1. Return yes or no: is Pro52 within 17 Å of Ile262 (Cα to Cα) and surrounded by 14 or more Cβ atoms within 10 Å (Cβ to Cβ)?
2. Identify, please: which residue in the range 188-219 is under 29 Å from the mean Cα position of the chain (by Cα) and open to solvent by 80 Å² or more (accessible area, probe 1.4 Å) and is, among those, modelled with the lowest pLDDT?
3. Against the definition (under 24 Å from Ala89 (Cβ atoms), in contact with a His (Cβ under 9 Å, 6 or more places away or on another chain) and either open to solvent by 20 Å² or more (accessible area, probe 1.4 Å) or touching a residue at least 24 places away in the same chain (Cβ under 8 Å) (or both)), how does Gln235 come out, yes or no?
4. Of everything in the range 90-107, what is open to solvent by less than 50 Å² (accessible area, probe 1.4 Å) and part of a helix (DSSP H, G or I)? Give them in sequence order.
5. Can you list residue pairs whose Cβ atoms sit under 9 Å apart, with the first residue in the range 65-89 being outside any loop (DSSP other than H, G, I, E, B) and the second being among the acidic types (Asp, Glu) and surrounded by 15 or more Cβ atoms within 10 Å (Cβ to Cβ)? Count only pairs 6 or more apart in sequence or on different chains.
6. Just need a number here: residues in the range 138-187 that are without any contact (Cβ under 8 Å) to a residue 12 or more places away in the chain, among the hydrophobic types (A, V, I, L, M, F, W, C) and open to solvent by less than 60 Å² (accessible area, probe 1.4 Å).
7. Considering only residues that are open to solvent by 60 Å² or more (accessible area, probe 1.4 Å) and touching a Ser or Thr at 6+ places or on another chain (Cβ under 9 Å), which ones fall in the range 55-73?
8. Would it be correct to say that Val260 is open to solvent by less than 80 Å² (accessible area, probe 1.4 Å), touching a residue at least 24 places away in the same chain (Cβ under 8 Å) and more than 23 Å from Ala108 (Cα to Cα)?
Amino acid sequence: MTTTAPEKPGKPDEPEKDESVLVRSPGPQELHPARTRRRRHALELSLAIAVPLLLVLLWQLAASRSWIDDRVYPAPSAILADGWDRATAGDLWPDVRATLKRVLAGYAIGTVTGYALGLLMGSVRLIRAALEPLLDALYVVPKLALLPVFLNMFGLGEGPQIALVAATVFFFVWISTMAAVVSVPSGHRDAGQVFGASPWQMFRHVLLPASLPAVLVGARIAAGVAVLVIVASEQIAATDGLGHLIFDARALFQNDVMFVGIVCVAVLGVVFSELVRLAGRFLTPWAPRDRGRGQS
């Protein structure tokens with residue numbers, strides 16, 4: 001006896017649907033995450049070294065082949081040799097110390113005052129309404145334009161240089177701090193109030209951890225700008241420092257000495273900015289890391 005299986009309901013001419021499953025095979029990043037991060041870090045480090053080195057080698061080749069005038073643009077080897085001679089003779093370090101002292105002193109003053117006022121203005125709406133227009137007007141004034149004012153206030157010497165750096169750093173830190181405090185989500189504040197947090201506890205456990213990463217970003221930017229400002233200021237109202245060295249050498253047509261000063265300024269700015277970045281990573285372990293240099 002032959003039996004026939006019952007037909008499935010539906011139209012007899014309807015084609016069967018092809019139900020396929022899309023399967024994604026895991027890639028190297030999923031299979032070997034640690035190895036992938038190490039390779040990414042090695043690649044980024046190689047690029048960070050290779051690109052500047054290639055440009056320096058091209059500059060050296062252009063100077064040695066007389067593609068450029070080496071009296072105006074000395075070869076990197078000549079700059080390095082002159083810098084080494086000045087360093088071993090002790091002629092370079094007084095200028096480096098003078099610039100570093102002014103940058104550190106002005107940076108410390110500007111950071112403390114900018115953070116304190118930014119925190120106050122970000123927390124109290126009436127104070128922000130009273131002071132923000134005035135500070136916005138002062139912010140757009142080129143900071144070198146304030147140097148004659150500081151010269152009248154402090155006279156010749158270290159005072160005007162330090163005050164100029166402090167004023168520059170102040171505005172960067174003030175803006176980043178106030179913006180960071182204002183942008184703290186209201187839910188965070190409400191949660192603190194629900195748990196009965198005192199003003200100090202609200203600052204310690206809500207405002208500080210929520211705003212500090214953005215504040216440190218502004219402090220890092222201010223570190224590089226502080227070096228730029230002091231170099232320009234030392235040209236105008238100083239008898240020592242890297243800025244004075246650069247512009248004095250240019251006036252005397254000592255272009256190799258001028259480039260030695262420029263290289264020192266670049267190294268000083270990079271080191272100072274990186275130290276601030278590392279300090280920020282140490283102070284804010286809860287903050288998300290940037291996606292550069294070894295981050296996948």
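The values are calculated or read from the model by the stated rules, or taken from the named source; none is laboratory data. Values in this document were obtained by computation on a predicted structure and should not be read as measured data. Positions of Cβ are backbone-derived with ideal geometry, glycine not excepted, and every protein chain shown enters the neighbour counts. Surface accessibility is based on the protein's heavy atoms, side chains included, excluding ligands, DNA and RNA. Shrake-Rupley method; radii C 1.70, N 1.55, O 1.52, S 1.80 Å.
1. Taking the combined requirement at face value, the residue does not satisfy it.
2. Restricting to residues being under 29 Å from the mean Cα position of the chain (by Cα) and open to solvent by 80 Å² or more (accessible area, probe 1.4 Å), the top hit is His188.
3. Answer is yes for this residue.
4. Asp95, Val96, Ala98, Thr99, Arg102, Val103, Ala105, Gly106, Tyr107
5. The qualifying pairs are Ala78/Asp70; Ala78/Asp256; Ile79/Asp256; Ala81/Asp256; Asp82/Asp256; Gly83/Asp256.
6. Looking only at that region, the number is 2.
7. Ser64, Asp70 - these are the residues of the range 55-73 that are open to solvent by 60 Å² or more (accessible area, probe 1.4 Å) and touching a Ser or Thr at 6+ places or on another chain (Cβ under 9 Å).
8. Criteria met by Val260.
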